[in-house]
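Here the structure is laid out as structure tokens; the discussion comes afterwards.
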Amino acid sequence: MKRVLFFSVFLFCVLSVSAVANPGDTLWTHTYGGTNYDEARSVRQTSDGGYILAGVTESFGSYYQDFYLVKTDPFGDTLWSRLYNLGFSDIASEVSPTDDGGYVIAGVGGLGGNTRFIILKVDSIGVGQWIYTYDGNYYEWAFSAQQTNDGGYIGAGYTSSIGAGYNDFYLVKTDAFASVEWTHTYGGSNDDWAYCVRQTSDGGFVACGYTMSYGAGAMDFYLVRTDSLGDTLWTHTYGGVASEEAYSVQETSDGGFIIAGYTSSFGGPYKNFYLVKTDASGDTLWTRAYGGTYDEVARSIRQTSDNGFIIAGYTHTYHPPSSYNFYLIKTNSLGDTLWTHTYGGNSVDEAYALDLTSDNGYVLTGKTYSFGAGGYDAYLVKVEGDIPPCSDVSMVPDNFPVNVPPGGAFGLTGTIANPTANLVVTDIWVGVIFQNIFFQIWNFPNIPLNAGQQISAHLNQQVPVFAPPGIYDYVAYCGDNPVACDSAKFQFTVTGARISGGFDSWTLAGNWGNKIETPNKLGLIENSPNPFNASTTIEYQLPINSNVKLEIFNLLGQKVATLVNGYNEAGQHSITWDAANYSSGIYFYKLIAGENVFVKRMTLLK
């Protein structure tokens with residue numbers, strides 16, 4: 001919102017300008033592939049701001065199907081692509097960035113009528129480094145893989161060669177060089193498939209999929225929680241008398257879990273998006289079904305910085321006739337819908353994965369028959385996220401109209417306020433506009449504002465003796481300099497004779513940033529956002545001048561970063577941790593001030 005303010009008892013004018021994009025609006029799209037069948041099943045943002053996609057291609061290569069890896073820049077333009085032929089029919093199901101700048105890929109390879117479980121490690125340009133395969137007697141498939149906190153890897157899928165039933169959950173843990181540390185199967189006498197595995201904050205694992213061995217219906221959500229060695233801590237099923245499949249799980253900031261997939265038991269007459277929120281023990285806190293009169297299938301979910309959720313999949317209800325479209329739902333922390341969007345054309349477009357992006361937006365991938373080079377193509381859609389919280393700025397001159405001679409000064413009161421329910425850290429920069437040219441006078445960076453907090457300061461603006469006569473705009477902006485989310489301005493006129501010995505520069509006396517009240521106690525405040533992707537801001541407050549140390553530790557207790565180490569004046573302080581080069585997981589930030597020690601937990605999600 002941009003505001004123009006002319007302050008007077010006679011005149012008050014406000015001009016508002018809407019944001020250029022709303023949450024969920026499409027920013028750009030890209031397709032990848034050739035004239036045959038190509039699809040992407042996984043996407044992640046990379047540390048350079050671009051994206052890595054993994055899936056399958058039939059358009060390129062010399063065999064029926066090959067692993068397909070595409071690396072893009074931040075705008076979706078292809079930097080490179082790679083094919084991997086590992087059997088007769090090879091499909092990549094998930095890709096995750098690794099600490100060395102490379103990637104780990106989970107998938108399946110067809111071999112002699114059977115299939116095999118595959119984890120492939122490649123470097124930063126897609127060159128293969130090693131491969132782990134499990135070749136049983138029948139059918140195996142890896143759907144999920146990620147790097148673990150110890151530098152090794154965890155993979156999940158199913159096996160029909162070992163275990164208790166026809167197919168069983170299969171988890172394999174390797175070291176950094178693909179040597180197997182342990183394997184486990186989970187399930188009963190029937191069919192049980194694992195689609196997703198994630199390491200938990202205690203170093204264990206959680207895997208989701210479906211079970212036909214247990215539960216209330218034909219198929220149910222199946223959640224398996226293990227320790228760091230893969231031994232079962234507990235299992236749960238969720239669902240009704242018909243069918244449910246869980247495709248995505250994430251540990252949430254409260255220590256519980258969120259699971260997404262579809263249900264045929266609840267909601268509409270066919271499939272519906274299905275969310276299950278649990279506590280840390282897997283007990284259900286709430287469930288939600290979303291959809292209409294036809295099929296809606298959720299394939300991927302992430303918790304957002306406001307503790308809500310973003311869910312991607314596809315819809316047959318909300319679409320052009322006889323087609324499917326990408327379907328995106330944003331909810332609050334209780335699963336209540338905030339907004340929905342569909343993406344695609346007049347044919348079949350299905351989303352299989354999403355990721356949070358560093359600009360607070362989202363990226364979705366899957367396949368499209370509506371666009372591209374022919375047949376199905378991999379489809380990448382970048383969308384606007386929820387607009388980040390913004391402070392409000394206003395200025396009131398001491399007198400109006402404001403007439404000042406060259407070399408003189410005028411007074412004003414500036415106010416910065418946080419109207420949101422969350423911490424906001426903002427810059428304020430002030431300048432003048434004369435003859436359509438902006439000149440910045442002052443910048444107050446990184447001012448932390450707690451929910452509902454307001455700061456006012458009386459300021460004195462000096463006008464240099466060389467200022468030409470005329471009408472000026474006096475402007476204050478707030479946001480992340482130079483990107484403003486709010487502004488205020490009023491006009492002043494330089495007129496009359498120069499003041500002998502007057503001011504010789506555009507100097508602003510007074511300081512918005514120093515007007516924060518000195519806190520009455522020492523404190524370490526919750527970082528924001530949390531969970532976060534790439535960067536987060538940590539705020540702390542000091543009632544007296546102190547020597548301060550602020551450090552970051554991983555889950556193993558190893559110090560990974562020192563953000564502050566030195567003398568700080570009393571007041572509120574904030575600092576941003578750029579974690580782009582760190583792996584996903586739980587981290588702890590510790591504040592030491594004198595003999596006082598504070599520790600809080602934060603979650604990095606990539």
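Please treat every number below as a calculation from the coordinates, not as lab data. Everything quoted here is computed from the prediction, not taken from an experiment. In this analysis, Cβ positions are derived from the backbone assuming ideal geometry, glycine residues included, and neighbour counts consider all displayed protein chains.
Brief remarks follow.
- Enclosing the Cα atoms of segment 218-287 in their convex hull gives a volume equal to 85 cubic angstrom per residue.
- Whether segment 26-383 is rounded, prolate or oblate, judged on the alpha carbon gyration tensor where a/c under 1.5 counts as rounded: rounded
- From the Kirkwood radius over Cα pairs of segment 132-208, Stokes-Einstein at 4 °C and 1.567 mPa s returns a whole-number translational diffusion coefficient of 104 µm²/s.
- Of all lysines in the structure, the ones whose alpha carbon falls short of 18 Å from that of LYS549, not counting any fewer than 8 places away in one chain, are LYS521, LYS559, LYS590, LYS600.
- Divided by 2.2 N^0.38 Å, where N counts the residues, the Cα radius of gyration of segment 523-604 comes to 1.04.
- For the chain, the Cα-based Rg and Dmax, in that order, read 28.0, 96 Å.
- Across the alpha-carbon set of segment 392-515, the Rg to Rh ratio works out to 1.00, Rh being the Kirkwood radius.
- Cα-only radius of gyration and Dmax that characterise segment 193-238, units Å: 10.8, 33
- Förster radius 51 Å - calculated FRET efficiency between ALA373 and ASN114 (Cβ-Cβ, nearest 0.05): 0.95
- Hz values of 3J(HN,Hα) by residue in segment 140-148 - Karplus curve (6.51, -1.76, 1.60), Gly and Pro given as x: 9, 8, 9, 9, 8, 7, 7, 6, 9
- Beta bridges assigned by DSSP with both partners in the chain are antiparallel in approximately 95 percent of cases.
- Restricted to Cα atoms, segment 322-385 shows a radius of gyration and a Dmax of 12.7, 41 angstrom.
- Descending Cα extents along the principal axes, segment 181-338, whole Å: 50, 39, 26
- Coordinate range along principal axes, alpha carbons of segment 461-606, Å, largest first: 69, 35, 22
- Peptides 458-466, 550-558, 136-144, 581-589 ordered by average Cβ neighbours within 10 Å, highest first: 136-144, 581-589, 458-466, 550-558
- Largest-first ellipsoid semi-axes for segment 73-204, taking √(5λ) over the Cα gyration tensor eigenvalues, angstrom: 25, 18, 13
- Annotation: amide H-H contacts under 5 Å for LEU27 (H modelled 1.01 Å from N, sequence separation of 5 or more, or interchain): LYS382, VAL383, GLU384.
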